[in-house]
Ligand code: 4AD
Ligand code: MG
């Protein structure tokens, strides 16, 4: 059989009848003394195949030996069958075994740790297949969102000489005779890039030595960031809301089937795709927490997970919180002129307990204030001289933000753990395969 004569299972299901040639892996196999039933899977779908002993004892014998994940080529007649898992069945007339698989280490009802140990095999599962397809849509949507709005893609180094998001989560690496750090953000280099390209974006690997064992933190993740000259806080917040709605719309357009496999509430996603997302100040968030939920959060403290959860649940759609207390924010987040205790920054919090998916801000133009804040953090401002120089050569107001790709995939897919939103997760406790 020629390559071109094979179709995917999804194409076969669309075709609906007639002869089909399929290639794939054994998803399930069940044999009685009269029939072998196979569920075949490929990248696109699953389909039931039947081999009656009466029709061909020779094929029947081969099919009896098939183990889970064995690779095969199958030809046969396709017909509708409402009892079959995807509504169709192939009556097999040819069966070529490519490889008989060893006993598959993953069977039903496995512990999560065994699934992570066997991640190289588990990514074949229907669940991971569906998540990875949605991740593909999310990543593609981010590129089209920015490219469609005139942003240039701009790359920053992954090896960086200093920290930008706090020394506590830095990964130090040997760099010839020196040491360097893995990128915690693209931002500082992006702030140089906007003076050349105006509006820029990027999606790249990002590293944080997160010691917290939460279901929302990875040590290696992908951040999609944007930065734009002349843009204020309000402008960046608007782009962020539009971007999230766009991503959800794209997933709804391309991945209904995958959302169904994941048993995600599609109605809810349709609501997120259209809804207006509120913006509130940190101070208003505290009022809601303290007055409506008796939570007693004092002004000046960062919001913890359970407080973020309450705020997002309160509004039932993604919500933007701005003006966090300046002194607990990164050195580059500027104090507002009206009230310097509040910074011109924002987080977007996703509902259903998913919390922070985006963090961003206007960028400080106050070099002395930034130096003071870096020093308070134990940093030598000398290491940032190139960054401060940007404030001396045609400095303009500018803003940007970073979106956690895995956080967004986790929320859209409705996943309990962020580890399932990336093919091979890296956390403090998980570094293989
Ligand atoms: O809020 P963060 O730390 O913001 C920055 O790094 C800015 N420099 C971005 C910018 O303005 N260009 O991180 C941005 C987002 C978070 O909102 C979160 O979604 C994600 O990155 N994130 C993580 N995702 C998974 N695991 C982690 N350890 C993460 N840390 C941050
Ligand atoms: Mg943040």
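Quick check: from the Cα gyration tensor, does segment 153-199 come out rounded (a/c under 1.5), prolate or oblate?
Working: a/c = 3.18, a/b = 1.91, b/c = 1.66.
It comes out prolate by the Cα gyration axes.
Pull out a ≥ b ≥ c, the square roots of the eigenvalues of the alpha-carbon gyration tensor of segment 101-186, then state rounded if a/c is under 1.5, prolate if not and a/b is larger than b/c, and oblate in the remaining case.
Working: a/c = 3.13, a/b = 1.42, b/c = 2.21.
The shape class here is oblate.
Would you list 341, 253, 127 from fewest to most Cβ contacts within 10 Å?
253, 341, 127
Using square roots of five times the C-alpha gyration tensor eigenvalues, list the equivalent-ellipsoid semi-axes of the chain in whole Å, biggest first.
The answer is 50, 23, 20 Å, longest axis first.
Counting just the Cα atoms, what span does segment 1-148 cover along each of its three principal axes? Round to the nearest Å and put the largest first.
Principal axes ranked by extent give 59, 37, 31 Å for the Cα atoms.
Measure nothing but the geometry: give the 0 to 90° angle between the long axis through the Cα atoms of 305-315 and the longest principal axis through the Cα atoms of the chain, rounded to 10°.
80
Would you kindly work out the equivalent ellipsoid of segment 1-88 from its C-alpha gyration tensor and give its semi-axes, the square roots of five times the eigenvalues, largest first in whole Å?
Values: eigenvalues 75, 41, 34 Å².
For segment 1-88, the semi-axes come out at 19, 14, 13 Å.
Got the relative contact order for segment 176-286 handy, in percent, Cα pairs under 8 Å and 6 or more residues apart?
Here the relative contact order equals 20 percent.
Quick check: Cα centre of segment 1-70 to Cα centre of segment 219-268, how many Å?
38
When the Cα centres of segment 117-167 and segment 309-334 are compared, how far apart do they sit, in Å?
That distance is 23 Å.
Go through 417-424, 153-160, 102-109 and give me the packing order, highest mean Cβ count within 10 Å leading. Present the calculation step by step, with values, prior to reporting the outcome.
Values: 417-424: 19.1, 153-160: 14.6, 102-109: 9.4.
Highest mean packing first, the order is 417-424, 153-160, 102-109.
Determine the shape class of segment 116-165: with a ≥ b ≥ c the square roots of the Cα gyration tensor eigenvalues, call it rounded for a/c under 1.5, and otherwise prolate if a/b is greater than b/c, oblate otherwise.
oblate
Compare the peptides 169-179, 1-11, 356-366 by average per-residue count of other Cβ atoms within 10 angstrom and give them in order, highest first.
Working: 169-179: 11.0, 1-11: 12.9, 356-366: 21.6.
Descending mean neighbour count gives 356-366, 1-11, 169-179.
Nearest 10 degrees is fine. How inclined is helix 233-254 to the longest principal axis of the chain, computing both from alpha carbons?
With both axes taken from Cα atoms, the answer is about 0 degrees.
Would you mind checking the tilt of helix 187-197 against the longest principal axis of the Cα atoms of the chain, expressed as 0 to 90 degrees and rounded to 10?
It is inclined by approximately 90 degrees.
Provide the gained length on full extension for the span residue 253 to residue 196, in nm with one decimal, where the gain is 0.36 nm per separating residue minus the Cα-Cα distance. Don't skip to the answer; put the middle values down first.
Working: separation 57, 0.36 × 57 = 20.52 nm, distance 3.52 nm.
So the extension gain works out to 17.0 nm.
Would you compute, from DSSP H runs of 4+ residues alone, the mean residue ellipticity of the chain at 222 nm, taking -39500 (n - 2.57) per run and dividing by the full residue count, rounded to the nearest 500?
-9000 deg cm²/dmol
Report, as a whole number in µm² per second, the diffusion coefficient that Stokes-Einstein gives for segment 361-413 at 37 °C and 0.692 mPa s using the Kirkwood radius over alpha carbon pairs.
245
At a 10 Å Cβ-Cβ cut-off, how would you order 251, 297, 320, fewest neighbours first?
By the 10 Å Cβ count, ascending: 297, 320, 251.
Here, each number is a calculation from the coordinates, and none is a lab measurement. Keep in mind that this is a model prediction, so the values were computed, not measured. Neighbour counts are summed over all protein chains in view; Cβ atoms, including those assigned to glycine, are modelled from backbone coordinates with ideal geometry.
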